[in-house]
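The values are calculated or read from the model by the stated rules, or taken from the named source; none is laboratory data. Since we're looking at a predicted model, the values are computed, not measured. For neighbour counting, all protein chains shown are included, and Cβ atoms are generated from backbone atoms with ideal geometry for every residue, glycine included.
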Amino acid sequence: MKTQQNLCICHEVQIHYKRPLFETQQKISSSESVDALLREFIDLERIDHKEFFWLILLNNSNYVIGMSEIGVGNTTGVCVNFKEIFQLAILTNATGIIVAHNHPSGNLKASTSDLQITQKLKESTKLLDIILLDHLIITSEGFLSLSDNGEL
């Protein structure tokens, strides 16, 4: 017979995040500033070889409070981990997010899958009171902003 003591085993969960110093945070003011920030953060020598998916976390004034590489794929796609996106957004208390991925082919046209992921993210973030501000597609030569194109 099991004792009452064995039935109540619980594990403590802790969440840790330290906001960057305000004077070190970069402000996002346009899709061009997002592209410039990404090109500082990512390894540009790899974007022509396989797809990557990135997340930029923002506070209410559009200052960057964090960035993360969410996924690494192959030459034709990357798996987007929505759970990780939401975990990081909640952990950092982000009020806005921007996502980005690259097209190794150099084609700056959004695919049907790109648009579906964007809409799914847009709808999902509403439940958490977070705004999806943009989804950028980048290549070695340039970038496409789905927000600027009216597709967000």
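Somewhere in region 16-37, is a residue at pLDDT below 95, of a type in the set (A, V, I, L, M), assigned to a loop (DSSP other than H, G, I, E, B) and farther than 27 Å from Thr95 by Cβ?
no
Out of (1) surrounded by 13 or more Cβ atoms within 10 Å (Cβ to Cβ); (2) farther than 28 Å from Thr24 by Cα, what's the single condition that is false for Ala100?
(2)
Return only the number of the condition from (1) surrounded by 19 or more Cβ atoms within 10 Å (Cβ to Cβ); (2) at pLDDT 95 or above; (3) more than 27 Å from Leu127 (Cα to Cα) that Ile47 does not satisfy.
Status for Ile47: all satisfied but (2).
How about region 68-93: which of its residues are touching a residue at least 24 places away in the same chain (Cβ under 8 Å), more than 9 Å from the chain's Cα centre (by Cα) and over 21 Å from Glu123 (Cα atoms)?
Across region 68-93, the qualifying residues are Asn74, Thr75, Thr76, Gly77.
With of a type in the set (Ser, Thr, Tyr) and modelled with pLDDT of 95 or more as the only criterion, which of Thr92, Thr75, Thr118 stands out?
Just a single option satisfies the conditions, and that option is Thr118.
Does Asn102 qualify as being among the polar types (S, T, N, Q), at pLDDT below 95 and closer than 17 Å to Thr118 by Cβ?
No: the conditions fail for Asn102.
Can you give me the ranges of the strands (runs of 3 or more DSSP E) entirely in region 72-152 with at least 1 residues that are farther than 21 Å from Asp48 by Cα?
It comes to 96-102, 131-138.
Looking at region 136-148, I want the residues that are among the acidic types (Asp, Glu) and have a partner that is crowded, with 19+ Cβ neighbours inside 10 Å with Cβ atoms under 8 Å, at least 6 apart or on another chain. Which pairs are those?
Asp148/Ser31; Asp148/Asp134
Condition check: more than 15 Å from the chain's Cα centre (by Cα), of a type in the set (Gly, Ala, Ser) and either under 16 Å from Phe82 (Cβ atoms) or modelled with pLDDT under 95 (or both). Does Ser113 satisfy that?
Taking the combined requirement at face value, the residue satisfies it.
Which residues, taken from region 46-66, are small (Gly, Ala, Ser) and part of a loop (DSSP other than H, G, I, E, B)?
Answer for region 46-66, where residues must be small (Gly, Ala, Ser) and part of a loop (DSSP other than H, G, I, E, B): just Ser61.
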